[in-house]
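Only one structure is covered here, and it is reproduced in the block below.
All of the numbers you see were taken from the coordinates with simple rules; none came from a lab. The model shown is predicted, which means the values in this text are computed figures rather than measured ones. Here the Cβ positions follow ideal geometry from the backbone for every residue, glycine too, while neighbour counts run over all protein chains shown.
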Amino acid sequence: MSKVSKPAGMAEYSLFSGLIPQPIEPNASIGADGHRSRMRQRLLKAGPEALADHEMLEMILFIALPRRDTKPLARELLVRFRSFGGVLGAPPDELRETEGIGEAGAAAVKLVQAAALRMMRQELSTQPILSTWDKLTDYLTASMEHERTEHFRILFLDGKNRLIADEVQGYGTINHAPAYPREVVRRCLALHATAVILAHNHPSGDVTPSREDVALTGEIARATAMMGIAVHDHIIVGKGKWLSFRAEKLF
């Protein structure tokens, strides 16, 4: 029987695997496996601080895109979204617009963001939230500073000021997110919350509260007080900074 040759440029294929053969990426760099192995060893031995931002992104992407040279993709993402945090916080549709990223690459980036936020949220839930203020503001900043439209969220607390739930109550436009005092009270009662912390972002980056922000905070505080529920604070998140209504004596 004559030997059937494999078409050039095609990956190994097994009839038993059920996999469709994939073309080998023409731009995959020679020695890529060695490069990736060295990066993994550096991460595991020296920790994440041993990696630059583009190297972290490169590692995230090569897990999802094993056949691509992910170094130029990582650098392109950093140029487009300006920072490592900007890449993680970018909308999935905009990530997919970068040639070569695709659904797999976008999903990998958003998974890393979700994992980081979940870890931060779980740390908040282990002790009274008012005693972990720095962690709270770090979490809110990481969650909201890169959003392109306003998000209004509420952290619901129990009688010991421990976190029960963190929920986005409204998505809005670039300068407005809807929130309704009656719905805040209803959700507090459903969760048996005795206190809340309000938060929303300003996509412009300026954390100066508007008159509407101040008025809404007062309305929510009055509505919840009637049910014995306290509003501890309202936090506005901007680009790398935040403002506390309580600290500014705005309610």
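The C-alpha atoms of the chain define a longest principal axis, and helix 102-124 lies at about 40 degrees to it. Axis of helix 71-81 versus longest Cα principal axis of the chain: the two differ by about 30°, to the nearest ten degrees. By the count of other C-beta atoms within 10 Å, a proxy for reagent exposure, 239, 45 are ordered fewest to most as 45, 239.
Where the only charges are on Cβ atoms (+1 Lys, Arg; -1 Asp, Glu), what is the dipole of the chain about its Cα centre, to the nearest 20 debye?
Roughly 540 debye, rounded to the nearest 20.
Here the peptides 125-134, 92-101 are ranked by packing, the mean other Cβ count within 10 Å, and the order with the highest first is 92-101, 125-134.
Bridge orientation summary for the chain: considering DSSP beta bridges with both residues in this region, about 70 percent are antiparallel. Put in line by how crowded their Cβ is, counting other Cβ atoms within 10 Å and starting with the fewest, 226, 144, 59, 120 read 226, 120, 59, 144. The convex hull drawn around the Cα atoms of the stretch 132-244, when projected onto a plane and averaged over every direction, covers 6.1 nm². Cross-link partners for residue 135 among the aspartates and glutamates, with Cα-Cα distance under 13 Å and sequence neighbours closer than 8 places in the same chain left out: 123.
A cut-off under 9 angstrom between Cβ atoms defines the neighbours of residue 87, and their net charge, with Lys, Arg +1 and Asp, Glu -1, is +1. In terms of surrounding Cβ atoms within a 10 Å radius of their Cβ, 212, 58, 76 rank from fewest to most as 212, 76, 58.
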